[in-house]
Amino acid sequence: MPKYGYLVVAGPHDVEFAYRLLSPFGRSRVQYEKDLDPFFSLLVLRTFPYDGDLQKRVPVPLFVKSETHVIALHSAIGDSRLVATVEENANLIALQSLTGVGILLDTDKEIPAADRYAAIQAAMSRKGFTLPANAGEIAAGTPKLGAFVLPDNASTGNLEDLLLECGQSAYPELLQSATSHVNLAISLANKLKNDGEDLAKIPFRNKAIVGAIASVLRPGKAVQTSIQDNQWFKGERLQLGRIKAVQKFLIDLFELS
């Protein structure tokens, strides 16, 4: 019997990030339902539209498997749904059969990483889940529990901080060009007349730079496609300290080898 794991993340970019960190261990994507381990079959929704909303994406996890593991990577479709997603799906699967249950989340300039973790820790406690004292640690038990606050459990930021760090290694010329392009857009804010996000805010600026690079690498496709296909989190980028820290968290949580 394989070891089973369950990871909840905020959105599709985070799903592909987790997948890239797991793939060096021989984990491959499950594309067809016939290849899915029956243990996770109840996570595949059978009704449409989801919540009666014709525009809402059906939140089916990305399943990855190897000879030793099957792991569900589940987008909560927003930070506000992280804990609710854990709770809802804990009722659908045999929790005591899971090796680990984890959460990847991020923070921003207005909320320190420690406060962000404390809020998730308290919310999980109200649902009967006891996270360890500190972000990035793993509580022993059946299943193991842990949450990692991107980018490094201490700094404010998010996945885009890690993408830009890897972009400096993988695509330095594109990074320089994309940064100049976004800086130009910031300087034109008055002419744009608020027709879009405020790129002077660092989270939006970083997302715009990443998006500009991804649009060159995979024209017309979403950033998560570039994360899946391109070199952001491949090769030597996996040796960067902050990337290795997230990967080690997943290794320990799911008992990978």
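The values are calculated or read from the model by the stated rules, or taken from the named source; none is laboratory data. Keep in mind that what you see is a predicted model, and the values were worked out from it rather than measured. Backbone-built Cβ (ideal geometry, glycine too); neighbour counts: all protein chains shown.
Checked against (1) under 18 Å from residue 14 (Cβ atoms); (2) touching a residue at least 12 places away in the same chain (Cβ under 8 Å); (3) not basic (Lys, Arg), residue 202 passes all but condition (1). The test for being buried (at least 21 other Cβ atoms within 10 Å of the Cβ), over 19 Å from residue 148 (Cα atoms), over 16 Å from the mean Cα position of the chain (by Cα) and not acidic (Asp, Glu) does not hold for residue 227. Put simply, of 139, 118 the only residue that is under 17 Å from residue 4 (Cα atoms) and without any contact (Cβ under 8 Å) to a residue 12 or more places away in the chain is 139.
Being in contact with a Phe, Trp or Tyr (Cβ under 7 Å, 6 or more places away or on another chain), surrounded by 14 or more Cβ atoms within 10 Å (Cβ to Cβ), outside the structural domain of residue 21 (by TED's automatic domain parsing) and under 19 Å from residue 158 (Cβ atoms) narrows it down to one of 243, 209, 213, 202, so name that one. Every option except 213 fails the conditions.
Out of curiosity, is residue 250 assigned to a loop (DSSP other than H, G, I, E, B), surrounded by 20 or more Cβ atoms within 10 Å (Cβ to Cβ) and of a type outside the set (Gly, Ala, Ser)? No; evaluated as a whole, the condition is false for this residue.
Looking for whichever is at pLDDT 95 or above, touching a helix residue (DSSP H, G or I) at 6+ places or on another chain (Cβ under 8 Å) and not charged (D, E, K, R) here; the options are 186, 227. Which one fits? Break it down into steps so the answer makes sense when it comes.
Details: 186 fails: at pLDDT 95 or above.
So the residue among 186, 227 that is at pLDDT 95 or above, touching a helix residue (DSSP H, G or I) at 6+ places or on another chain (Cβ under 8 Å) and not charged (D, E, K, R) is 227.
Selection of first residues in segment 210-237 that are under 20 Å from residue 27 (Cβ atoms) and of second residues that are surrounded by 18 or more Cβ atoms within 10 Å (Cβ to Cβ) and of a type in the set (S, T, N, Q), restricted to Cβ pairs under 8 Å at least 6 apart or on distinct chains, gives the following pairs, ordered by first then second residue: 232/226.
Yes or no: residue 39 assigned by TED's automatic domain parsing to the domain that holds residue 142, outside any helix (DSSP H, G or I) and more than 17 Å from the chain's Cα centre (by Cα)?
no
Going by what's in this entry, would residue 105 be described as on the phi < 0 side of the Ramachandran plot, in a helix (DSSP H, G or I) and within 19 Å of the chain's Cα centre (by Cα)?
Values: on the phi < 0 side of the Ramachandran plot: yes; in a helix (DSSP H, G or I): no; within 19 Å of the chain's Cα centre (by Cα): yes.
Against the criterion (on the phi < 0 side of the Ramachandran plot, in a helix (DSSP H, G or I) and within 19 Å of the chain's Cα centre (by Cα)), residue 105 does not qualify.
Over 12 Å from the mean Cα position of the chain (by Cα), in a strand (DSSP E or B) and either in contact (Cβ under 8 Å) with a residue 40 or more places away in the chain or within 28 Å of residue 156 (Cβ to Cβ) (or both): is that true of residue 70 in this structure?
Spelling it out, residue 70 is indeed over 12 Å from the mean Cα position of the chain (by Cα), in a strand (DSSP E or B) and either in contact (Cβ under 8 Å) with a residue 40 or more places away in the chain or within 28 Å of residue 156 (Cβ to Cβ) (or both).
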